[in-house]
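Peer 1: My questions will all concern the structure given below.
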Amino acid sequence: MRSRAPRRAPVNPSRLREVLAYFGALGVIGFGGPVAHIAMMERGAVNERGWISRPRFLDALAATNLVPGPNSTEMAIHIGYQRAGLAGAVGSGLAFILPAFVMMLGLSWAYFEQEATPAVDDFFYGIKPAVVAVIAATAYRLFLSGVSEPRRLAAGEADLRLLAIFAASLAVGLAFPGLEVAVLLAAGVVGFLLYGPPLRPRPGAFVLLPLLGVSALAWEPGRLLDLFWLCLRTGGLLFGGGYVMIPLLEGPVVDGFGWLTREQFLAGVALGQSTPGPIVITATFVGYGAAGLAGAAVATFAIFLPSFFFAVLTSRFIAAFGEVAWLRAALKGIGAAVVATILAATIRLAESAFVDAATVVIGAVVAYASLRTRVHSALLLLGGGLVGLWAGWMAGIR
């Protein structure tokens, strides 16, 4: 859908304060994932306040699906940009992220301070299989929407090219952990070659490429700089939703740099799903585990930085982004690879989560509930943790 960008009203302090207050409050109550966040924004910014028209809102939502980054964060930045210019974009994004950052920072401190206590061990004994089950259920839903459905497979109507991209990405992800960045970029090239039209230069679209090139770098001079580049690279490649963060971070954080154990990384993912805001706030936990408070700040800043860049870019060139056929084709290939890399990471994490029959039962129940009910994932994780506490208590009184 083509749309002409309306002239933005001059920035004034009252508009900026409105944006900060609205998105700050939304950041506190924003449980439920990106779909819930976007629904709240449509109701608040479109229906109730009239800050942005519905066609413009839908155009922005479509554009955020063409660029990397958590959609709900980019929508907050886009609305802030339209309401109060660049200051509004920065303010709305920070206000939306800050509550989750503060909560995750407190939880990270509590976790690493109390990690060795029996109660915490028991709680995360039950949470870890629940986390893996939730991620596996998410991967299954992404497979249905982005690769193929079982009925189409059975009928022989599946897109074999997408299935081939998925299978190859899964094989590489399992055999060579740590190559997820290369897998996603290669899948994008293959998607463009298979589905794209002849390439026609569009300046508004090719502004993406420098940041993707920079974000693919990995430096070694110091821990904080390593954190910055790793999280910047991750934020610049978050195609397909925040869950892509898991395979992009898990290998380097656990196997590459050794900042966290696999069990600690799983705990961070669990806490990321239990706080408001985007799941990529897990980067705060990773940064805290790697380098304390400074690491938490650096990791959070780096992983969200590309979102600000892309959200403002799409706000300025929203009509052009709607016409970038080659980018849509590349994303078709990346989408299949995203599902594969998430599944590969889930299989690796499962080795640390499913340690006995009880954890297998917890995982199976949570997976079923995640696929068949509307219970929020945070409640499912809490249920797993409570079962873990109960199991630890029962073992203690025997």
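Every number here is computed from the coordinates shown, using simple stated rules; none is lab data. Note that the structure is predicted; figures quoted are calculated from it, not measured. As a convention, Cβ positions derive from the backbone with ideal geometry for all residues, glycine included, and neighbour counts pool all protein chains shown.
Peer 1: Quick one: HIS37, HIS376, fewest Cβ neighbours within 10 Å first, how do they rank?
Peer 2: HIS376, HIS37
Peer 1: Which angle from 0 to 90°, rounded to the nearest 10, does the C-alpha axis of helix 160-175 make with the longest principal axis of the chain?
Peer 2: It is inclined by approximately 50 degrees.
Peer 1: May I pose another question? For THR261 and ARG141, compute 0.36 nm times the residue count separating them, minus their Cα-Cα distance, and round to one decimal in nm.
Peer 2: So the extension gain works out to 40.4 nm.
Peer 1: Take GLU263, GLU149 and order them by how many other Cβ atoms sit within 10 Å, fewest up front.
Peer 2: The order, fewest Cβ neighbours first, is GLU149, GLU263.
Peer 1: I've got another one for you. Multiplying the sequence separation of LEU379 and ALA395 by 0.36 nm and subtracting their Cα-Cα distance, what value in nm do you get?
Peer 2: Taking LEU379 through ALA395 to full extension adds about 3.3 nm, to one decimal.
Peer 1: Label segment 13-95 by shape, choosing from rounded, prolate and oblate, from the square roots a ≥ b ≥ c of the eigenvalues of the Cα gyration tensor; if a/c is under 1.5 it is rounded, and otherwise prolate applies when a/b is larger than b/c, oblate when it is not.
Peer 2: It is rounded, given that a/c, with a ≥ b ≥ c, falls under 1.5.
Peer 1: If you take the square roots of the eigenvalues of the alpha-carbon gyration tensor of segment 50-182 and sort them as a ≥ b ≥ c, do you get rounded (a/c under 1.5), prolate (a/b over b/c) or oblate?
Peer 2: Since a/c reaches 1.5 but b/c is at least a/b, the shape of segment 50-182 is classed as oblate.
Peer 1: May I ask which residue of SER145, ALA186, PRO197 lies farthest towards the positive end of the charge dipole of the chain, with charges of +1 (Lys, Arg) and -1 (Asp, Glu) on Cβ and the Cα centre as origin?
Peer 2: Farthest towards the positive pole: PRO197.
Peer 1: In nm, what is the difference between 0.36 nm times the number of residues separating ALA294 and GLU351 and their Cα-Cα distance?
Peer 2: That works out to 17.4 nm of additional length.
Peer 1: Still on this structure: Rank these for me by crowding, ASP59, ASP356, going from fewest to most other beta carbons within 10 Å.
Peer 2: Placing the least packed residue first, the sequence is ASP356, ASP59.
Peer 1: Looking at the square roots a ≥ b ≥ c of the eigenvalues of the Cα gyration tensor of segment 108-397, which shape do they give, rounded for a/c under 1.5, prolate if a/b is larger than b/c, or oblate?
Peer 2: oblate
Peer 1: Something else: Could you work out the local net charge near ILE165, counting Lys and Arg as +1, Asp and Glu as -1, over the other residues with Cβ closer than 13 Å to its Cβ?
Peer 2: For residues surrounding ILE165, the net value is +1.
Peer 1: I would also like to ask the following. Using Cα atoms only, what is the angle between the long axis of helix 71-114 and the major principal axis of the chain, expressed in degrees (0 to 90) to the nearest 10?
Peer 2: Approximately 10 degrees, to the nearest ten.
Peer 1: Right, next: Distance in nm between label sites at LEU194 and LEU179, each 7 Å beyond Cα in the beta-carbon direction?
Peer 2: 1.8
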